[in-house]
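Single-structure report; data block below.
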């Protein structure tokens with residue numbers, strides 16, 4: 001069988017996979033320019049993103065493997081219904097929880113103000129606040145959302161979760177169904193977005209929803225950029241109707257230079273680095289799934305195309 005890897009760390013992935021699967025024919029492409037012209041015999045593609053022209057040429061792909069936590073961007077027009085799409089195993093919960101709580105602490109400890117005061121050599125005491133008793137709202141109570149909830153509770157925060165159904169969670173004080181979104185939004189002091197991108201969640205947070213939030217609320221987006229309408233967000237932030245925004249994901253990446261989010265003082269832009277996949281952590285699950293593929297068994301961590309995750 002033939003595997004095409006499209007990733008900036010493709011040689012690392014290739015070496016680790018080859019050590020476990022020596023008979024697998026592997027092509028490692030670090031960028032689009034290194035992708036072979038002929039792809040008709042490619043059986044497997046391992047990639048975070050796949051150029052559309054690659055799918056047009058790779059007409060016999062049986063399995064599309066993403067090393068990321070989500071693979072909604074791989075549900076592409078023209079991709080055969082027979083092609084199985086998989087995502088990474090649950091490797092990212094702790095890393096993303098660290099990111100979210102790190103920036104919650106950044107806000108509560110007024111780190112930005114402290115750094116600005118240092119630049120001015122100003123001995124000014126900021127109005128920091130405790131996390132104990134504050135409400136963390138989490139949109140998406142999967143593996144990542146649950147880990148964020150667990151970490152927030154360690155700091156004494158109350159936790160509300162929201163997901164497709166209001167099924168209880170041991171890590172949340174209360175769980176809402178997605179149809180209760182407008183009842184949920186007015187209460188949290190922080191809102192973490194961890195939802196996958198689906199037709200149901202696209203633009204889920206727009207002007208009407210942003211207007212329901214506390215004017216002191218901070219949103220931390222580690223899910224998908226298109227869950228939230230960035231134009232509406234910028235407007236609300238510019239009008240001083242929201243505490244602030246931290247994001248590791250955007251509607252279009254890299255974030256365009258013309259985006260007003262770059263210039264707002266209460267916005268923190270990070271380059272999709274909250275949970276970078278390490279090849280040595282991902283490859284064991286890839287090897288297991290390859291062995292399942294060749295023996296006709298169901299692959300692990302499959303994406304449900306109807307749900308989008």
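Observations on the structure shown:
- Here the label points at residue 153 and residue 110, each 7 Å from Cα along the C-beta direction, are separated by 3.2 nm in the simple model.
- Alpha-carbon centroids, segment 253-282 and segment 171-208: separation in whole Å: 21
- Computed FRET value (nearest 0.05) for residue 62 with residue 203, which takes r as the C-beta separation and R₀ as 41 Å: 0.75
- Between residue 23 and residue 53, the FRET efficiency estimated from the beta carbon spacing at R0 = 41 angstrom works out to 0.90.
- With a Förster radius of 41 Å applied to the beta-carbon distance between residue 281 and residue 120, the computed FRET efficiency rounds to 0.40.
- Spread over its residues, the convex hull of the C-alpha atoms of segment 93-269 is 117 Å³ per residue.
- GNM top mover of 109, 118, 157 - the chain, alpha-carbon springs below 10 Å: 118
- Helix 143-154 and the longest principal axis of the C-alpha atoms of the chain enclose an angle of approximately 30°.
- Label separation (residue 181 vs residue 80): 3.6 nm, computed from points 7 Å beyond Cα along the C-beta direction.
- Correct choice for Kirkwood radius over Cα pairs in Å that was computed from the model, options [x] 21.0; [y] 26.6; [z] 19.7: [x]
- Mean-position separation - Cα centroids, segment 2-59 and segment 109-165, in angstrom: 40
Bear in mind these aren't lab numbers, they're just calculated from the coordinates by the rules spelled out. Worth saying up front: this structure is predicted, and the values here are computed from it rather than measured. For neighbour counting, all protein chains shown are included, and Cβ atoms are generated from backbone atoms with ideal geometry for every residue, glycine included.
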